[in-house]
Amino acid sequence: MSAVTAIPPYPQGRNLLAGKSVLVTAAAGTGIGFATARRCLEEGARLFISDLHERRLAEAVERLRELKAGEVQSKLCNVTHEDDVRALVEAARQAYGEVDVLVNNAGLGGSAAVVDMTDEQWSQVLDVSLTSVFRMTRAMLPHMYRRRCGAIVNNASVLGWRAQAQQSHYAAAKAGVMAFTRCAALEAAQHGVRINAVAPSLAMHAFLNRVMSDELLATLSEREAFGRAAETWEVANVIVFLASDLAGYMTGEVVSVSSQRA
């Protein structure tokens, strides 16, 4: 068992995304998406967020506007529907002229043994966690290609590398996100666009308690070298870095955001 290391202080903004417009999918609630939206705003971005849940999206916008850190706009979007995806990209572009950064955060988990898993369970997780990344990227790239600039950051998972029982659908989806990121990045590089991904291990937020038992969360936390799960904003910090000009020579990379032992 690892000793629990203290959580570092919350970071101050350094204008890493000043002047940039950022679109974050699935940004409502308490997870990595909202933390990323907040950190982007604190780093000077003009922010556009989406989510499937109307009430939670409105609450997220209100919380972000209370920060008084910059402009925030939003639109409902089901990332499994092509028409919604196209409408979201157009709404963000109309709001800010163009979109400089896309963060593909939407994902869906769950636990099921392979012998018990239904086609519907498999397909739903793959559609939300993998195919949505393809849809959003496909809709955004022509606009970034035309301008010969832009950055896309995808949210993968260490389960794309590491085996965990009852996670075959989610792990397959996240491994797909990693492979998609690498292949799409080669195509996009010719047009001046960067595509990278983060692979978090365990980022603690309220929603996790609805899909994992306290015992499993404690076990997974103990596996980390710091003896604790990441804060969602610690993952968001890496997303901000990959979105920023500081990562200007990085593309096709999958950055592990974990403290697990090699």
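The magnitude of the dipole of the chain, with charges of +1 and -1 set on the Cβ of Lys/Arg and Asp/Glu and taken from the Cα centre, is near 700 debye.
Of the complete DSSP H runs in the chain, those spanning 30 angstrom or more by Cα along the long axis with a mean Kyte-Doolittle score not below 0.0 are 168-189. For the peptides 76-82, 174-180, 110-116, residues were scored by their other Cβ atoms within 10 Å and the scores averaged per peptide; the highest-first order is 174-180, 76-82, 110-116. Express as a percent, rounded to the nearest 5, the fraction of DSSP beta bridges in the range 21-257 (both residues included) that run antiparallel. Close to 0 percent.
Of the residues Asn104, Val193, Thr118, the one whose Cα sits farthest toward the positive end of the charge dipole of the chain, with +1 on the Cβ of Lys and Arg and -1 on the Cβ of Asp and Glu, is Val193.
Peptides 134-143, 183-192 ranked from most to least packed by the mean count of surrounding Cβ atoms within 10 Å: 134-143, 183-192.
Entry for the range 129-175 at q = 0.15, 0.30 Å⁻¹: log10 I(q)/I(0) = -0.49, -1.04, Debye formula applied to identical alpha-carbon scatterers, no solvent contribution. The orientation-averaged projection of the convex hull spanning the C-alpha atoms of the chain amounts to 13.6 square nanometres. Evaluated at q = 0.25 Å⁻¹, a Debye calculation over the C-alpha positions of the range 27-120 (equal weights, vacuum) places log10 I(q)/I(0) at -1.41.
Averaging the sequence gap over all C-alpha pairs within less than 8 Å and six or more residues apart, then dividing by the number of residues, gives the range 21-257 a relative contact order of 21 percent.
Exactly which trypsin sites (Lys or Arg not before Pro) in the range 1-90 are in a DSSP loop and have at most 15 other Cβ atoms within 10 Å? Answer by residue number: Arg14, Lys68.
Set the Förster distance to 25 Å, then compute FRET efficiency between Ala225 and Arg14 from the Cβ-Cβ distance, nearest 0.05. For R0 = 25 Å, the calculated efficiency reads 0.40. Backbone amide hydrogens, once placed in the peptide plane, bring Asn154 within less than 5 Å of Asn104, Asn196, Ala197, Val198, excluding anything fewer than 5 places away on its chain.
A convex hull fitted to the Cα coordinates of the range 73-171 yields 101 cubic angstrom per residue.
Coordinate-derived values only; no laboratory data. In this text the structure is predicted, and so the values were computed from the model without any measurement. With ideal geometry, Cβ positions are generated from the backbone for all residues, glycine too; neighbour counts draw on all protein chains shown.
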